[in-house]
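> Got a structure for you, written out below as C-alpha cells; questions coming shortly.
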Amino acid sequence: MQLGARGIAVLDAPVSGGVMGAQAGTLTFMVGGEGADLDRARPVLQAMGRNVFHAGIAGNGQAAKVCNNLLAGISMIAVSEAYTLGQRLGLDPATMRDIVSTSTGSCHALVNYPPVPGLVPNVPSSREYRNGFAADRMLKDLRLAEQAALETRSSLPLGTLATALYGLFCGGGSGDLDYSAVIRMIEGATSPAARA
C-alpha cells in the first residue's frame, strides 16, 4: 500500500457480464479498496454497469471475481450435461429450459446464457460460440481459484474437476471459443452440435 501512503487511490474492480453486459451497460463491478475512493469512482463505474458492489479491502474485488467465475464454470458444465442428457432422452431443449427455469435446477447458465444454440438470441452459443468469455480465460480463472484454495486450505472438488475439463477443452484447440462451447466436448463427437 505504498501508493496509499503517497495519496494515490487504488481500487481493483473486475467485472461480470461479458461482452453483452459491456455493450448494454449492465456490467456488475466487484470493487476492492477504500469506501471513500469507491464513492469518488462510482459515477464512472455506473456509466458502464448496473451493479457496483464494495467487496471490501483492496484485492477483494478480484477475490469476488474468482469465486464468481468458479461458480460460473462449474454451472456451465452442469447445464451442458443436463442439456445433453435431456436431448438424448428426447426432451426438446427449449421445453427443458422452460421447465427447469421455474424449477430447482434453474441458474444463470440455463436461463440467460444457455450453451445450446438458438434458445436465447445474441448469446455466444447463438453466434457460433464467438464474442463471449473465452474458455481460455475461464480456465485461467479456475486455476486462480485453485491457487487461492491452496493458499487458504480450502477444498474445491468440483472446481478441480471443472479446471481439468476446461483444460482438456482448451488443450484441444477450443480455448478461443466462449466457455459455453464446453458442451461440444460433453456431447462428444457423435452429436449433431459437435458435427456442426
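> What's the percent breakdown of Cα-Cα distances in region 2-57 across 10 Å bins, shortest bin first?
Going from the shortest bin to the longest, the percentages are 26, 49, 21, 4.
> Taking +1 at the Cβ of each Lys and Arg and -1 at the Cβ of each Asp and Glu, which of Gly61, Phe169, Gly132 sits farthest along the dipole of the chain towards its positive end, judged by Cα position relative to the Cα centre?
Highest projection toward the positive end goes to Gly132.
> Still on this structure: Of His54, His108, how do they rank once you tally other Cβ atoms within 10 Å and put the fewest first?
By the 10 Å Cβ count, ascending, the order reads His108, His54.
> At 222 nm, what value in deg cm²/dmol follows for the chain if DSSP H runs of at least 4 each add -39500 (n - 2.57) and the sum is divided by all its residues, to the nearest 500?
Taken over the chain, the calculation gives -16000 deg cm²/dmol.
> Can you figure out the FRET efficiency of Val10 with His108, using R₀ = 30 Å and their beta-carbon distance, to the nearest 0.05?
The formula returns an efficiency of 0.50 here.
> Over all directions, the average projected area of the alpha-carbon convex hull for region 62-195 comes to how many nm²?
8.2
> What ranking, highest mean first, results for peptides 78-84, 115-121, 146-152 when packing means the other Cβ atoms within 10 Å averaged over each residue?
Highest-to-lowest ranking by the protection proxy: 78-84, 115-121, 146-152.
> So what's the net charge close to Val100: Lys and Arg +1, Asp and Glu -1, counting the other residues with Cβ under 13 Å from its Cβ?
Local charge sum for Val100: -2.
> Over all Cα pairs of region 1-119, how is the pair count split among 5 Å bins, expressed in % and running from 0 up to the last occupied bin?
2, 11, 17, 17, 14, 12, 10, 7, 5, 3, 2, 1, 0
> With an 8 Å cut-off on Cα pairs and a minimum separation of 6 or more residues, tell me the relative contact order of the chain in percent.
18
> Hey, can you rank 20-30, 37-47 by average C-beta count inside 10 Å, highest first?
By packing density, highest mean first, the sequence is 20-30, 37-47.
Throughout, read-outs are computed from the coordinates displayed, never taken from laboratory work. The model shown is predicted, which means the values in this text are computed figures rather than measured ones. Note that we place each Cβ from the backbone using ideal geometry, even for glycine, and neighbour counts take in every protein chain shown.
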